[in-house]
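Enquirer: Can you read through this structure? Questions will come right after.
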C-alpha cells in the first residue's frame, strides 16, 4: 500500500473575497465558511477567527486540532466514515496544507479545552504556536448534551479541514512524500523487526477516538497499515479529557512514532506494522486485550521489538503495563512512552498508577502537573472561562502543562522530558536510615539521619536546629554530606534535543541490540496496583 502526500506550505493566511491558495497565501471567504459550519442545527453563534504565529493572542477552549486535508481522487471529502463515504484510507494521493491548523473551539460544562499561547514561554512548548490557525467558534444549541455537541464540533472541524485543503487543488506542491512498507528484502535482511502498539482510549461518550467512524469501544486489537493512520482513519473524539491525555487529530495525522519508524525503515530497523488496541474498563477485558494484541505482534507481524503508547490518564497505565507484560512474555522487547503525575513541584512519589517489573525501558514525556507562568496577552479567542484555569485570561496566568495542546504528548510529539534534580523546602524531620517512612517523607521534608537511640539525641537535635535555622532565615543550605540530611530528588520538565518518539526508537534499538540502556522511570520495587484492589477499576460502560 502506497500513500503519496502532496504538501503545500502555508506562509500567510487572510480573509478575502475568494477562497484560494497561491504562492503560500491562503485566502478564505469567511462568510462562505461560516455558512458551511452553520448548516448543523446542533450549534449556533458560529464565527471563524484567524490567529497567526507571533500575535500576542491566547486561544482558549481548544478541543481538537486538525490539519487541512483532502484526497486527490475524491474532492468531496476526507475522514472516511465521519465526513466522507467509507473507503480504505492510506493509499492514493492526499493534499495537505502544511503550517496550517483547524482548531475546534467550544465550551460546555464538562469540556476540558486547552490553551494555546502564540507568544511567550507557554508558546515555546506547543507546535501549534507555529501554525497559522483557523479557529472555529461554535456554541451548543439549547438542551444539547455533551456528546452531541462534541460530534457537531467534530463534523465542523472536518468540514473546514476539507474546505481549506480544496483551495490547493490546482496548485503545484512544495514537497511530495511517499509512504510504503514494501522494500527489497535485501535491504531488510538482518534488521531488527519493530512494530508499534497504539492504545486508544475507550471509556464512554466523548472519551474515545473513532476508527473509520466507529467508536473505539467496538474494537478488539486490530492490525492497521500505518498509512491508514496517517491518512484519516482515526479521528480524535475526546472532549472531557485534558489535552495531555488525548491525541489530537493533527498529531494522529502526523503521528511521530509512525513517521520516525518510517524514517528508519530499511536503515537500522524493519518496520513491520501497527496494532491498535482499545483500553477496556474491566480487568478481565484488559488482560484479554493485552493477550490478543501481543499475539498479533508476535504471530502476524513477526515483531521482535515494540513501542507501546497509551492514551488517557492513570487507568490507561494499567493497560500499558499489561500490554508490556504480554509482549515480554512472548519474547518481544518493549519500550513504553508515558507522561508522569508528580505534582506541581515534581516531588510526587508515584509518577504512574501502575508499574511492572518487566517495564524496564520507559521514555517519559514530562510531568503534566508542572506549572508554566504564561504572561499577559492583547487578545483572547475562545471565551473567558477555561476549566481548571483561574484568573483573567488576558493577564498572567498559572498554566498547568497538561492544558497546553502538544506540550505533553503521549505519542512523543514534543521534546519535553524530565530531569532529576535536588530540591529544598522548609520542613525538617529526624529519622533512622532504616525507617520505612524515609522514602515517602523525604519528598516533603529534609531528613536528618539520626542515631536511633538516646545516646545521640543531643547531637542529632543540634544538627537539626542548625539546619532549621538556615531554612527559616533563607540562608544557603549546604550539600547533604555537609549538613547531614538524606538525599532528596524531584523531577522537573526540560526540553530534549529529540522528541519522545525518537528517543523511544533509539532506546528500543539499544535494548534489541543487547546494549546498556537507561530508563526514565524506574520500577519502584513493588507492584502499585494491588490485584486485590482491582475492583476500583470499575466498568464505566454499565
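Enquirer: Output the number of residues of segment 160-173 satisfying the condition of being within 10 Å of residue 97 (Cα to Cα) and either assigned to a loop (DSSP other than H, G, I, E, B) or free of Cβ contacts under 8 Å to residues at least 60 places away in the same chain (or both).
Expert: 1
Enquirer: Examine segment 268-281 for a residue that is more than 20 Å from residue 510 (Cβ to Cβ) and assigned to a helix (DSSP H, G or I), and state whether such a residue exists.
Expert: Let us first name the residues in segment 268-281 that are more than 20 Å from residue 510 (Cβ to Cβ), namely 273-281.
Filter once more, keeping what is assigned to a helix (DSSP H, G or I): none.
Scanning segment 268-281, I find no residue that is more than 20 Å from residue 510 (Cβ to Cβ) and assigned to a helix (DSSP H, G or I), so the answer is no.
Enquirer: Regarding segment 300-311, can at least one residue be identified that is assigned to a helix (DSSP H, G or I) and either modelled with pLDDT of 95 or more or in contact with a strand residue (DSSP E or B) (Cβ under 8 Å, 6 or more places away or on another chain) (or both)? Before the answer, list the steps.
Expert: Residues of segment 300-311 assigned to a helix (DSSP H, G or I): 300.
Now drop any that are not either modelled with pLDDT of 95 or more or in contact with a strand residue (DSSP E or B) (Cβ under 8 Å, 6 or more places away or on another chain) (or both), which leaves 300.
Checked against the condition, which is being assigned to a helix (DSSP H, G or I) and either modelled with pLDDT of 95 or more or in contact with a strand residue (DSSP E or B) (Cβ under 8 Å, 6 or more places away or on another chain) (or both), segment 300-311 yields at least one hit.
Enquirer: Of 359, 293, which residue is in a helix (DSSP H, G or I) and either farther than 21 Å from residue 491 by Cα or touching a residue at least 60 places away in the same chain (Cβ under 8 Å) (or both)?
Expert: Details: 359 fails: in a helix (DSSP H, G or I).
Just one listed residue meets the conditions, 293.
Enquirer: Now for a different question. If the requirement is being at pLDDT below 95 and within 30 Å of residue 494 (Cα to Cα), which of these qualifies: 87, 111? Lay out the reasoning, then the answer.
Expert: Working: 87 fails: within 30 Å of residue 494 (Cα to Cα).
Result: 111 is the single residue among 87, 111 that is at pLDDT below 95 and within 30 Å of residue 494 (Cα to Cα).
Enquirer: What single numbered condition from (1) under 30 Å from residue 46 (Cβ atoms); (2) within 18 Å of the chain's Cα centre (by Cα); (3) free of Cβ contacts under 8 Å to residues at least 60 places away in the same chain fails to hold for residue 392?
Expert: Single failed check for residue 392: (2).
Enquirer: OK, next. Filter segment 125-159 down to the residues that are without any contact (Cβ under 8 Å) to a residue 40 or more places away in the chain and within 23 Å of the chain's Cα centre (by Cα) and list them by number.
Expert: As a first pass, look at segment 125-159 and keep what is without any contact (Cβ under 8 Å) to a residue 40 or more places away in the chain: 142-143, 145.
Within segment 125-159, no residue meets the criteria.
Enquirer: In segment 489-526, what count of residues is obtained for those that are modelled with pLDDT under 90 and buried (at least 21 other Cβ atoms within 10 Å of the Cβ)?
Expert: Within segment 489-526, residues that are modelled with pLDDT under 90 and buried (at least 21 other Cβ atoms within 10 Å of the Cβ) number 1.
Enquirer: Among the numbered conditions (1) surrounded by fewer than 24 Cβ atoms within 10 Å (Cβ to Cβ); (2) over 23 Å from the mean Cα position of the chain (by Cα), tell me where residue 78 comes up short.
Expert: Just one mismatch for residue 78, condition (1).
Enquirer: List the strands (runs of 3 or more DSSP E) inside segment 1-118, counting only whole elements, that have at least 3 residues being touching a helix residue (DSSP H, G or I) at 6+ places or on another chain (Cβ under 7 Å) and touching a residue at least 24 places away in the same chain (Cβ under 8 Å).
Expert: On the way: elements: 2-9, 12-15, 20-22, 25-28, 43-51, 57-66, 69-71, 92-98, 100-105, 114-117.
Strands (runs of 3 or more DSSP E) meeting the threshold: 43-51, 57-66, 92-98, 100-105, 114-117.
Enquirer: Looking only at segment 459-481, which residues are out of contact with any strand residue (DSSP E or B) (no Cβ under 7 Å at 6 or more places or on another chain), at pLDDT below 65 and in a helix (DSSP H, G or I)?
Expert: 459, 480, 481 - these are the residues of segment 459-481 that are out of contact with any strand residue (DSSP E or B) (no Cβ under 7 Å at 6 or more places or on another chain), at pLDDT below 65 and in a helix (DSSP H, G or I).
Enquirer: With the checklist (1) closer than 19 Å to residue 305 by Cα; (2) more than 20 Å from the chain's Cα centre (by Cα) in hand, flag the one item residue 178 doesn't pass.
Expert: Residue 178 satisfies all of (1) closer than 19 Å to residue 305 by Cα; (2) more than 20 Å from the chain's Cα centre (by Cα) except (1).
Enquirer: So in segment 328-340, with the set limited to residues that are surrounded by 18 or more Cβ atoms within 10 Å (Cβ to Cβ) and either outside the structural domain of residue 408 (by TED's automatic domain parsing) or in contact with a helix residue (DSSP H, G or I) (Cβ under 7 Å, 6 or more places away or on another chain) (or both), which one is farthest from residue 502 (Cα to Cα)?
Expert: 332
The values are calculated or read from the model by the stated rules, or taken from the named source; none is laboratory data. What you see is a predicted model; the values in this text were computed from it and never measured. With ideal geometry, Cβ positions are generated from the backbone for all residues, glycine too; neighbour counts draw on all protein chains shown.
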